[in-house]
1. Starting with the highest mean, order 43-51, 30-38 by the number of other Cβ atoms within 10 Å, averaged over the residues of each peptide.
2. What FRET efficiency do you get for residue 69 and residue 26 if R0 is 25 Å and r is their Cβ-Cβ distance, rounded to the nearest 0.05?
3. In sequence order, what are the phi-derived ³J(HN,Hα) couplings for region 63-76 according to the Karplus relation 6.51 cos²θ - 1.76 cosθ + 1.60 with θ = phi - 60°, rounded to whole Hz, with x for glycine and proline?
4. When Lys and Arg each count +1 and Asp and Glu each count -1, what net charge do the other residues less than 11 Å away from residue 60, Cβ to Cβ, add up to?
Amino acid sequence: MVNDAVKPYQTKGLYGERGIVRRPFMLPIPMFDPSNPVHRRLAELGKACHEKASRTKLTKKSVAYRRREVREALKAEIDEINKLVSQLIGLS
């Protein structure tokens, strides 16, 4: 979700898109508030993703393919994270 929000500001380089450096920090991302249920759910999802990713069996050698394998394993969690973040920063 954050990637999509900063994509219009990226420049095209020799090796693909780049140049976002500080753009994600320009989004209205609030400080963590443990009393906010959305924040708590995002923290739970982050922990669950970390644990699930560490158990994911990677079958490919290249980093790009391994990243894809992990993204596929975490698809449901990533979808929920994207929805919650969109709601949190007002992009939905």
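1. Details: 43-51: 12.3, 30-38: 9.7.
For the peptides 43-51, 30-38, the packing ranking is 43-51, 30-38.
2. On the way: r = 31 Å, r/R0 = 1.25.
Step by step, r from the Cβ atoms, then E = 0.20.
3. Calculated HN-Hα couplings, in order: 4, 4, 5, 5, 4, 4, 4, 5, 4, 5, 5, 9, 3, 4 Hz.
4. Numbers: positive: 57, 61, 66, 67, 68; negative: 69.
Value of the local net charge: +4.
FYI, it's all coordinate maths here, none of it is from the lab. Bear in mind that the values here come from a model prediction, so they are computed numbers and not experimental data. Every residue, glycine among them, receives a Cβ derived from its backbone with ideal geometry; neighbour counts consider all protein chains shown.
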